[in-house]
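The structure appears right after this line, and notes come after that.
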Amino acid sequence: MEDYGSSDDDYRYSDQDDSDCELYENNDQNFELLSSTAQVITEESLLAAQKEDLRRVMDMLSVRQHHARTLLIYHRWDVDHLFEVYVEKGKAYMFAQAGVSVDEYHGSNSLVSASVMCEICMDDIPSDEATRVDCGHCFCNSCWTQHFIVKINEGQSKRIRCMAHKCNSICDEAIVSSLLAREHPDMAEKYERFLLESYIEDNKRVKWCPSTPHCGNAIRVEGDKLCEVECSCGDQFCFNCLSEAHSPCSCLMWELWEKKCRDESETVNWITVHTKPCPKCHKPVEKNGGCNLVSCICGQAFCWLCGGATGRDHTWSSIAGHSCGRFKEQEKTAERAKRDLYRYMHYHNRYKAHTDSFKLESKLKDTIRGRISKSEETKSSELSDYSWVHNGLSRLFRSRRVLSYSYAFAFYMFGDELFKEEMSKAEREIKQNLFEDQQQQFESNVEKLSKMLEEPFDTFEYDKVMEIRMQIIDLSTLIDGLCKKMYECIENDLLGSINLGTIHSIAPYKSKGIERASELQVCWSNKANNTGVTAEFDRSEESGCSSRKRARKDGEMFDLNLPADALDRI
């Protein structure tokens, strides 16, 4: 039973195997062409990606950079939603909600009198030691600095509010950086890092790649976030839950399945079904013979049927006060545990069989390369295109993934854990037969393709190779159609008929497999925009995020693999 309680980490697919095979796919195989809807944000392109959204808001609303950032952080970097609020509610409402103050105090730090009284510490200070923010409130630099430090340590650095009572205005990032950098450059560095990483941490369209060890990349998707993507590091994952790619399982199904495979609950079920506790030492005892009078290693003899200790009152000729044949609720519970265990074993065995097949078939890649090299040497004039072999192998890898996850899906779809109250017994049986018929067709053709790809075609004559070629191409096309049909059955006939909202939605089927995120390319220039607002990105004195950075070597970047607190030690 050790296999049934083991971790699925041992069976995780090798993403690189599938990726390598796709390099050989050509347009002759009628595969669908997918436009890239996912982009990789690297350490170098993170700042450019952020500036791209900042510029859109600055151009549209004619605001400064720190106001644009405040608005975007409030709206979780959703530029389209921000513009919708602007159109529907108006500029004044949007600014008030986000804490943006744009008035006559903007950009003015000069004070009329030679000295002012700070309303926080109640000290009279020279006017050049006080700072006025956009909302008009003015306090001494020392109080501002302490306020900024407290908020950063509390995790509120991305939206630091004014110290004045009931003032919701967000402080200018340039002022925060400037005051912190004077006496606490490490804190200023941390603040700038928080602002930079807010594009990922607060952005629902962007998430860190979950690779281990972390590659330092983030992925940005356009459109529906319920999708599966591949990072440039090769890691493939579900963008919604950041687990490994698991369709046709929903995120909740996969979470439950992983937990079930990791937990020791099924081992406990096995012990419940196959053992009885000793009435003396209470250790589990397994019966290894036909006689129902058993003995524990502690020396206690007891009856296997009822679990009672044997002795003067319990013999085969006389049982005082009870009968081994009477029904007890514990026996009913044991039978239920036994049934649930066997059901789990059925689906887990098939799930594990396909993951194991994938690992073994992954070795075919090197074998096929050797066969192709050998064939090119002996049959170079007759057959030069072997893309059909790589296409078939790539299709096999994808199909193994889907097949293995389909058994985890079936375990929950037709069990009592999630949909017991959503379907009647008769309705569940009909849907289960429909799904299993399609799953069986899909599975049988995948096995045929696996067998065909293992043929030593390098030893065959030309006519035989061409026959195998057509069979692999036909099987690949057939499997693609069957897989798509099974997805449609799951989305429309199974999950679609249950009104549970989007909790059990699955990533859509893609014939070419999981989409590879393209490298983000952002081009921008430092020039005045068409609204009259001067771009602030490259001017260090006005950017508010780079004006007081400690000196770095040319080309040195933030190490995005480090937590923000680690900057204190750099």
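Okay, here's what the table says:
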{"quantity": "Search result, residues across region 154-206 that are among the β-branched types (Val, Ile, Thr) and open to solvent by 20 Å² or more (accessible area, probe 1.4 Å)", "calculated": "Ile175"}
{"quantity": "Residue in region 44-64 that is modelled with pLDDT under 55 and buried (at least 16 other Cβ atoms within 10 Å of the Cβ) present", "calculated": "no"}
{"quantity": "Cβ-Cβ under 9 Å pairs, at least 6 apart or on other chains, region 131-154 side under 16 Å from Cys167 (Cβ atoms) and basic (Lys, Arg), far side assigned to a helix (DSSP H, G or I) and open to solvent by 10 Å² or more (accessible area, probe 1.4 Å)", "calculated": "Lys151/Arg159"}
{"quantity": "Checklist (1) within 40 Å of the chain's Cα centre (by Cα); (2) modelled with pLDDT of 85 or more; (3) not in a loop (DSSP other than H, G, I, E, B) applied to Val100, failing item", "calculated": "(3)"}
{"quantity": "Answer residue from region 207-242, given it is under 24 Å from Leu495 (Cβ atoms) and in contact with a helix residue (DSSP H, G or I) (Cβ under 6 Å, 6 or more places away or on another chain) and is least open to solvent (accessible area, probe 1.4 Å) among those", "calculated": "Gln236"}
{"quantity": "Only one of Lys512, Lys464, Lys485, Lys448 that is over 30 Å from Lys374 (Cβ atoms), among the basic types (Lys, Arg) and either in contact with a strand residue (DSSP E or B) (Cβ under 9 Å, 6 or more places away or on another chain) or open to solvent by 20 Å² or more (accessible area, probe 1.4 Å) (or both)", "calculated": "Lys485"}
{"quantity": "Scan of region 422-461 for residues that are touching a Ser or Thr at 6+ places or on another chain (Cβ under 8 Å) and either farther than 23 Å from Val402 by Cβ or not in a helix (DSSP H, G or I) (or both), ordered by number", "calculated": "Phe457, Asp458"}
{"quantity": "Yes/no for Trp254 being in contact with a strand residue (DSSP E or B) (Cβ under 9 Å, 6 or more places away or on another chain), surrounded by 14 or more Cβ atoms within 10 Å (Cβ to Cβ) and part of a helix (DSSP H, G or I)", "calculated": "yes"}
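The values are calculated or read from the model by the stated rules, or taken from the named source; none is laboratory data. Every value quoted in this text rests on a predicted model; they were computed, and no experiment measured them. With ideal geometry, Cβ positions are generated from the backbone for all residues, glycine too; neighbour counts draw on all protein chains shown. Calculation scope for accessible area: heavy atoms of the full protein, side chains included, ligands and nucleic acids excluded. Shrake-Rupley method; radii C 1.70, N 1.55, O 1.52, S 1.80 Å.
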